Amino acid sequence: MSSYCSYCYAKDVPLQTCAQCHKRKYCSRECQKKDWNSGQNHKYFCCKAGEFNLDFEIKPSPGRGMGMFALRDFSKNEYIIAERPLLENTGRQWNTSEYSMLKDSEKQAFQDLSGETMFEKYQRNKFGGNFKIFALISRVNHDCIGNTFYIPLRGSMVLVAKRDIKAGEEILFAYIHMVYRLPEQRRIALRREFGFDCNLQCSLCSNPDLDERAKELSLKQQQYLLHVKDCCDGKCNTDMNMMLRTVREIRELHNELNVNQSARVQFLNQVSVYCMISKNVKVARELLEESLDIAILCMNGDMDAPAVSQVHSTISYEWCRP
C-alpha cells in the first residue's frame with residue numbers, strides 16, 4: 001500500500017506534509033483543514049499518534065491475509081494510530097447509502113479491504129458499537145490477548161499499545177473480549193461474527209493452561225456480576241470481605257492475562273458503584289483513584305477525555321471525599 005492523503009485516502013497524487021509533526025500527509029489544503037478540527041482531529045493528535053508508512057505499515061501476515069506491523073518500537077500506552085471512521089452504520093445491517101456518499105478515493109479505500117463482495121467486506125472489517133469501518137485499523141488482525149486495545153477519543157478510534165511493542169512485531173487486538181465469555185463461547189462468537197476459527201496463531205487459544213485461566217476469569221466475572229445484581233435486588237447476604245476477595249482474584253487474573261487497561265477501568269468503576277451502594281465509601285474512593293490513574297495513562301494525561309473526567313468528577317463529589 002503506497003502513501004496517500006491522510007484525510008480522503010487519495011493515492012498517486014502530490015502530497016504535502018503537516019508543518020508541525022512532519023508526518024501526516026495531505027493531497028490539498030482543503031483536506032488538511034478538514035482533518036484539523038474534525039476528521040481525525042489532527043489538532044489534538046498531531047505529534048501524539050503514529051502515522052502510516054512511518055511508524056507502522058500494512059503488509060501480508062502469514063496465515064492471516066494483510067496485517068499491521070510496527071516499523072519502530074512502541075512503549076506501553078503509546079498511541080499507535082488515531083483514525084476517523086471510513087463508514088459508520090447505526091444498525092447491524094450493511095447500509096449502502098453510507099457508501100454511496102463517499103468520495104471515489106474513500107470508496108477505493110473500502111474496496112481495498114478484505115472480502116469478495118461489499119457485504120463480506122463489511123462483515124469482516126466492522127467493529128465497535130456502531131459497526132465502524134476503518135481504512136487502516138480494520139486491517140489489524142485478531143488475537144484473544146493481543147498487544148493493543150482501542151478507545152474512542154475526540155471523534156477518532158485510537159489504537160493503544162497495551163505493552164511495549166518491538167519494531168517488526170505484528171499489531172493485534174482482541175475482536176471479542178475474553179472477560180465475559182467462556183473460551184468456547186468466545187471461539188463460537190468469532191466464527192459467527194467474523195467468519196474464522198481462532199487457531200494456533202492465537203497466544204491464548206494455543207495455550208491450554210492460559211485458556212483455562214481465561215475460563216476461570218470469565219466464571220469469576222459472571223459470579224461477581226450475579227452477586228452485584230442480587231445485592232441491588234436486596235437479596236445479597238454475602239459480606240463485603242468475601243466480595244472484595246473475589247474482586248482481588250479477578251484483578252490478579254487481569255494482570256496474569258494482560259487484560260487491557262480500558263477493561264480494567266470499567267471493572268474498577270463497576271466495583272466502586274457496588275461499594276457506594278454498600279456505603280463503603282473508603283474502598284469506593286480507593287478503587288476510583290486507581291481507575292483514574294489508569295485512565296490518565298491510557299489517555300496520555302488528557303483530563304478532558306470522558307474516561308478521565310467522569311471518574312474525576314465522581315471522586316470530587318462531596319460524599320466521596322475522605
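Where a number appears in this text, it was derived from the coordinates with a stated rule and is not lab data. What you see is a predicted model, and the numbers here were worked out from it, not measured in a lab. So basically every Cβ, Gly included, is an ideal-geometry build from the backbone, and we count neighbours across all protein chains shown.
Below 8 Å between Cα atoms, with a sequence gap of 6+, how large is the relative contact order for segment 183-320 in percent?
15 percent
Relative to the Cα centre, what is the charge dipole magnitude of segment 185-277, using +1 at the beta carbon of each Lys and Arg, -1 at the beta carbon of each Asp and Glu, and rounding to the nearest 20 debye?
180 debye
May I ask you to evaluate 6.51 cos²θ - 1.76 cosθ + 1.60, the Karplus curve with θ = phi - 60°, for each residue of segment 244-255 and list the ³J(HN,Hα) values in order in whole Hz, giving x for glycine and proline?
Each residue's phi maps through the Karplus curve to give 5, 5, 4, 4, 4, 5, 5, 5, 5, 5, 4, 5 Hz.
When the Karplus curve 6.51 cos²θ - 1.76 cosθ + 1.60 is applied with θ = phi - 60°, which whole-Hz ³J(HN,Hα) does each residue of segment 39-50 get, with x for Gly and Pro?
x, 6, 6, 5, 4, 8, 8, 4, 6, 9, 10, x
Would you compute, from DSSP H runs of 4+ residues alone, the mean residue ellipticity of the chain at 222 nm, taking -39500 (n - 2.57) per run and dividing by the full residue count, rounded to the nearest 500?
-13000 deg cm²/dmol
Tabulate in residue order the Karplus-calculated ³J(HN,Hα) for segment 223-230, using 6.51 cos²θ - 1.76 cosθ + 1.60 with θ = phi - 60°, rounded to whole Hz; enter x for Gly and Pro.
4, 5, 5, 5, 4, 5, 4, 4
Distance check, please: which entries in LYS59/LYS166; LYS126/LYS220; LYS34/LYS166 exceed 23 angstrom between their Cα atoms?
LYS126/LYS220; LYS34/LYS166
Between beta-carbons, use under 11 Å as the cut-off and find the net charge around LYS166, counting Lys and Arg +1, Asp and Glu -1.
-2
Based on alpha-carbon atoms only, what is the radius of gyration of the chain relative to the globular estimate 2.2 N^0.38 Å?
1.07
From Cα pairs below 8 angstrom and at least 6 apart in sequence, can you work out the relative contact order of the chain, rounded to a whole percent?
Taking the mean separation of contacting Cα pairs over the length of the chain, I get 13 percent.
Label-point separation (nm) for LEU297 and ASN199, each offset 7 Å from Cα along Cα-to-Cβ?
3.5 nm
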